[in-house]
Amino acid sequence: MRMIDIIIKKRNGEALSEEEISFVVDGYVKGDIPDYQMSALLMAIYFRGMNIEETITLTKKMAYSGKVLDLSSIPGIKVDKHSTGGVGDKTTLIFAPLIASMGYPVAKMSGRSLGHTGGTIDKLESIPGFKTSMKDEEFIKQVKEIGIAIVGQTEDLVPADKKIYALRDVTGTVDSIPLIASSVMSKKIASGSDVIILDVKVGRGAFIKDINSAKELARIMVGIGKGFGRKIVAVLSQMDQPLGFAIGNSLEVMEAIETLKGRGPKDLNELIVTLATETLRLININYKNEDIRAKVMEQLSNGKALAKFKEMIKTQGGDVKIVDDYSPLLSAKIQKEIYSLEGGYVEDIDAYKVALSVMALGAGREKKEDKIDLSVGIRLYKKIGDKIEKNEPIVTFYANDVEKLKRAQEIFREAIKIGNKKKDPLPIVLDVIS
Ligand code: URA
């Protein structure tokens, strides 16, 4: 078999066979297929797509390209969650302890930020001392003991995705439905949980910009999950404006803790409650939806989810004091508040441009190896549709460098629009696909 023939076949719009997909995944992981040929194939897939059989085969080959976790020694129904990536997305930090506090073990392997989207592992590393890497045995032991662990993905879990994702990121081939579906689902299958909850982001700050493509992606991922015998549901959520008010690693941890204290922003709270309700519905199909929702809301306000978050921080070596004293999370040297020059309504906040502004402060990485500044970011005070008075604060920048702050402010100016039109607030949950 030759890679050139496979590239041409896909370029011409034909479906690849199982043997061909196997040849590509194995060959690329081993280093036999060079980046330039893999890039050409990814671009051909980007334009020509893949049918459902090809997508399932690609997912399977990627999932088994490395070690597959066996969680069977952990008693109970194990839950995993994945977001397709957004701006201000601190959902896992709240969802995981919430579900764990209700008695369902959460074994979560998360990623770092890449491109304009954030990553849970970077956020957690802004907690002093918090350890995000551990051996599989330690990870399983922790989930057995306290019902929760959030760690970075180990090197040997889905190596095919690590290599292919890094290449997609620099070849303009991230936002392809079969490539996203196989990337996400290969990691979920290899991570071994029984219940999978997907948060499919839609809008300017997401990889998928329109609702119909997001629905298609969700249906494909749900179909793949079911095919592998997992219970799975996808929630489609709005990512046109940032989620919550905080964007930037340590600021997002603070907002997550506030949400675990029952004081979270409305949109973030609603998303968490929906994700948790859908998860519990998958586990306990006999419950009435309203009963589960009430139970979830009660668990967020009674302090039990927060207690589980603290237990996880302590077990993973982090400083639990941050839960009550945010000062280590507010270590940026410069805090600059910006005020509105006019009264009116917030007509727009573009999540993608906000992300670029936060990246300009140093919070994001262009390349995998880049070091990021965990303390910088943005705190918004308004959302689309909110009324704003003249001289009211719009945003605070947290920065460590004057030049970077200047650049971030310039970009931010393009992200926000204040005018006379009162827009309806954007709904956060757009659909649920199961
Ligand atoms: N998240 C993933 O894990 N993979 C993608 O391809 C896109 C978002």
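The values are calculated or read from the model by the stated rules, or taken from the named source; none is laboratory data. Owing to the predicted nature of the structure, the values given are computational and were not obtained by experimental measurement. Note: ideal-geometry Cβ built from the backbone for every residue, glycine included; neighbour counts use all protein chains shown. The accessibility values were calculated without ligands, DNA or RNA, using every heavy atom of the protein model including side chains. Shrake-Rupley method; radii C 1.70, N 1.55, O 1.52, S 1.80 Å.
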Handout entry: Two-decimal Rg to Rh for the range 356-397 - Kirkwood Rh, Cα set
Key = 1.14
Practice task
Calculate what fraction, in whole %, of the accessible area of the range 125-190 sits on carbon and sulfur atoms when a 1.4 Å probe is rolled over the protein chains.
Solution key: 54 percent
Handout entry: D (Stokes-Einstein, µm²/s), Kirkwood Cα radius, the range 292-393, 1.567 mPa s at 4 °C
Key = 75 µm²/s
Problem - Cut-off under 5 Å, modelled amide H: who pairs with Val106 long-range - result: Val79, Ile148, Ala149
Problem - Cα radius of gyration and Dmax for the chain (Å) - result: 21.4, 68
Fill in the blank from the handout: XL table Lys141/Lys383; Lys131/Lys226; Lys226/Lys314; Lys10/Lys209; Cα-Cα > 31 Å flagged, in table order, is Lys141/Lys383; Lys131/Lys226; Lys226/Lys314
Fill in the blank from the handout: Of 78-86, 209-217, 105-113, ordering from highest average Cβ density within 10 Å down gives 78-86, 105-113, 209-217
Handout entry: Charge dipole (the chain, unit charges on Cβ, about Cα centre) - positive-most of Met312, Ser110, Gly223
Key = Met312
Exercise for the section: With r as the distance between the Cβ atoms of Glu366 and Glu410 and R0 = 25 Å, compute the FRET efficiency 1/(1 + (r/R0)^6) and round to 0.05. Expected result: 0.85
Exercise for the section: For the chain, build the charge dipole from Cβ charges (+1 Lys, Arg; -1 Asp, Glu) around the Cα centre, then report which of Gln37, Gly419, Ile8 sits farthest towards its positive end. Expected result: Gly419
Practice task
Could you tell me what percent of the accessible area of the range 325-427 is made up of carbon and sulfur, with a 1.4 Å probe and every protein chain present?
Solution key: 50 percent
Exercise for the section: Could you tell me how many degrees, from 0 to 90 and to the nearest 10, lie between the Cα long axis of helix 18-30 and the main elongation axis, the longest principal axis, of the Cα atoms of the chain? Expected result: 60 degrees
Practice task
Treat every Asp and Glu Cβ in the chain as -1 and every Lys and Arg Cβ as +1, leave all other atoms uncharged, and give the resulting dipole magnitude about the Cα centre to the nearest 20 debye.
Solution key: 400 debye
Exercise for the section: Note the direction-averaged projected area, equal to a quarter of the hull surface, for the Cα convex hull of the range 113-239, in nm². Expected result: 8.5 nm²
Fill in the blank from the handout: With only helices counted (DSSP H, runs n ≥ 4, each -39500 (n - 2.57)), the per-residue ellipticity at 222 nm for the chain, to the nearest 500, works out to -14500 deg cm²/dmol
Exercise for the section: Using only Cα atoms, find the angle between the long axis of helix 304-315 and the longest principal axis of the chain, and express it within 0 to 90 degrees, rounded to the nearest 10. Expected result: 70 degrees
Fill in the blank from the handout: To the nearest Å², the heavy-atom accessible area per residue of the range 72-148 with 1.4 Å probe amounts to 29 Å²
